[in-house]
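In what follows, a single structure is set out as structure tokens and then discussed.
Read-outs: derived from the displayed coordinates by stated rules, not from any lab. Since we're looking at a predicted model, the values are computed, not measured. Note that each Cβ is placed from the backbone with ideal geometry, even for glycine, and that neighbours are counted across all protein chains shown.
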Amino acid sequence: MKKLLIAVSLLLAVCMVTGCAYLPSLMSGDMLTGTGSTTPVAASGDTVTISREEYERYQQFDVLLELMDMADAYYYEDVDTQAMLEGAANGLLQGLGDPYTFYYTPEEYAELWEEDEGEYAGVGIQISTSYLTGLCTVSRVFDNGPAREAGIHKGDILYMVEDLYVNSSTINDAVDIMRGTPGTDVTIVMLRGTEELTFVLTRATITVNRIESGMLNDQVGYIVLYEFAGDCSAEFEKHLKALEAQGMKGLIIDLRDNPGGWVDDAEEIADLFLEKGVVCYLEYKDGSREYYRTRTDGDDRVGFPLVVMVNENSASSSEILTGALKDRAGATVVGVQSYGKGIVQSVVPLDDGAGMQMTIAQYYTPNGNAVHKLGITPDVEIQLEQGDNGMYEFGDLNDPQLAKALEVMMEKLAK
């Protein structure tokens with residue numbers, strides 16, 4: 001399976017590793033066809049003959065073999081050759097200097113697809129990782145999970161898991177530790193302002209709800225989409241229809257803290273609102289482009305007034321959907337500048353069951369606007385006040401950004 005993913009490095013603590021995490025690959029299932037070259041090989045007994053070109057290529061890796069031999073001969077304990085090879089694979093891709101390109105061991109690759117199903121054994125938090133600061137911040141606390149019951153808040157910084165100090169380099173290990181068998185305990189330390197808080201959490205089976213919806217008043221529907229994963233596009237349509245049945249006249253889509261995920265999901269959700277046309281396009285190293293398009297023709301939802309909410313953690317597929325609705329559906333964007341992850345990755349399996357994620361292209365909005373390192377600028381900017389960590393319950397109009405989005409929507413409906 002090859003898929004395109006677009007997400008910031010986002011992990012469901014105990015759950016998901018993406019762009020994300022969560023993650024989260026990048027676009028269409030068969031987007032990359034992949035080609036390989038065949039080198040003539042002749043074998044006789046214990047001797048294998050290869051071309052000079054291939055021989056010279058293999059010579060580049062002599063230093064790795066020398067290091068392995070030295071470790072095998074002189075390291076004070078027996079060496080794990082497979083672990084060394086996996087470390088070398090990681091190091092090879094890290095040499096690109098791209099935090100979104102990396103290697104999955106066979107176990108990690110299998111877990112990636114399990115996580116996309118939306119159920120895992122863990123503590124019930126989602127973590128957003130900043131490669132600039134190294135901080136790993138709780139971006140979501142799942143309902144009915146151990147973390148929620150213990151009083152962990154959105155905005156808390158994950159500081160330690162057992163005896164491991166957590167930062168952007170160790171978050172994958174921290175997530176592995178927080179995973180485990182339901183009923184077993186794990187100790188984590190959070191930073192909340194100047195406080196250091198220790199929690200002993202009992203792991204449980206967590207079911208990830210990716211969407212919530214409701215009516216803010218008798219005219220305005222509200223959908224929060226937490227990530228582009230699993231069956232979120234189908235669920236989004238169900239929530240949309242339910243709001244329509246309640247008399248919705250305008251819709252607010254909340255993508256704050258949504259790190260992205262599968263581009264296919266952004267495309268399918270855009271298709272609910274847009275007639276046939278471009279959702280985004282990718283531009284590859286050679287300058288070629290690939291277009292992602294909606295398929296709907298004459299859908300009766302096209303005329304809905306839309307407001308899209310974003311913040312500094314809205315990334316990747318969130319920015320794709322926001323850009324498409326802004327450019328082509330007249331959506332008003334409310335919040336603060338989005339994250340600015342305008343690149344996409346492909347997740348590809350390897351022959352031994354392992355896999356890799358690699359950045360392969362940059363994407364642009366339908367109007368040709370770049371997003372990478374720029375983000376999407378809101379039409380109506382509203383910052384949270386200093387000290388406001390955004391810990392509001394669903395639909396709480398004490399949330400100043402949501403209150404502003406509703407105000408903007410009511411103005412649109414009044415026109």
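Going Cα to Cα from LYS415, which lysines come in below 25 Å? Please leave out same-chain ones fewer than 8 positions away.
LYS415 reaches LYS241, LYS249, LYS326, LYS404.
What does the charge add up to near THR184, with Lys and Arg as +1, Asp and Glu as -1, over the other residues with Cβ less than 13 Å from its Cβ?
0
log10 I(q)/I(0), Debye, Cα-only segment 119-207, no solvent, q = 0.18, 0.19, 0.20, 0.26 Å⁻¹?
These q points yield log10 I(q)/I(0) values of -0.70, -0.78, -0.88, -1.51.
Need one number: % antiparallel among DSSP beta bridges in the chain, to the nearest 5.
Values: 64 of 83 bridges.
So the antiparallel bridges amount to about 75 percent of the total.
Stretched out fully, how many nm does the piece from TYR165 to ALA414 gain, at 0.36 nm a residue minus the Cα gap? Please list the in-between numbers first.
On the way: separation 249, 0.36 × 249 = 89.64 nm, distance 5.27 nm.
Taking 0.36 nm per residue and subtracting the Cα distance, the gain is 84.4 nm.
Over the alpha-carbon set of the chain, work out the extent along each principal axis and list the three values in angstrom, largest first.
82, 51, 32
Which whole-angstrom value gives the distance between the alpha carbon centres of segment 121-198 and segment 343-366?
After rounding, the separation between the Cα centres reads 27 Å.
Cross-link partners among lysines for LYS285, C-alpha distance below 23 Å, same-chain residues fewer than 8 apart left out?
LYS2, LYS3, LYS341, LYS373
Cut-off is 10 Å between beta-carbons; in what order do MET215, MET356, MET190, MET309 appear when sorted fewest neighbours first? Could you put the intermediate results ahead of the total?
On the way: MET215 15, MET356 19, MET190 24, MET309 28.
Taking fewest neighbouring Cβ atoms as first place, the list is MET215, MET356, MET190, MET309.
Can you compute the charge dipole magnitude of the chain about its Cα centre, using +1 on each Lys and Arg Cβ and -1 on each Asp and Glu Cβ, nothing else charged? Give it in debye, rounded to the nearest 20.
On the way: 28 positive and 67 negative charges, 350 e Å.
That gives the chain a dipole magnitude of about 1680 debye.
Could you give me the ³J(HN,Hα) list for segment 178-186, computed from phi with Karplus coefficients 6.51, -1.76, 1.60 and θ = phi - 60°, whole Hz, x at Gly and Pro?
6, 5, x, 7, x, x, 9, 9, 9
At what distance in angstrom do the alpha carbon centres of segment 307-341 and segment 234-262 lie from each other?
Using only Cα atoms, the two centres lie 14 Å from each other.
Net charge near TYR364, counting Lys/Arg +1 and Asp/Glu -1 over other residues with Cβ under 12 Å of its Cβ? Walk me through the numbers on the way to the answer.
Working: positive: ARG289; negative: GLU283, GLU290, GLU319, ASP327.
Here the charged neighbours net out to -3.
Separation between the THR49 and THR198 pseudo-spin-labels, each 7 Å from Cα along Cα→Cβ, expressed in nm?
Distance between the two pseudo-spin positions: 6.9 nm.
Under 12 Å from the Cβ of LEU402, count the other residues' Cβ atoms, weight Lys and Arg +1, Asp and Glu -1, and hand me the total. Could you put the intermediate results ahead of the total?
On the way: positive: ARG256, LYS404; negative: ASP254, GLU393, ASP396, ASP399, GLU407.
With Lys, Arg at +1 and Asp, Glu at -1, the net is -3.
Excluding same-chain residues fewer than 8 positions from LYS412, which aspartates and glutamates have a Cα within less than 16 Å of its Cα?
The qualifying aspartates and glutamates are ASP218, ASP379.
Less than 18 Å from a label point 7 Å out along the Cα-to-Cβ axis of ASN217: which backbone N atoms in segment 393-415 qualify, by residue?
What the label zone holds, given the 18 Å backbone N cut-off, is 395-415.
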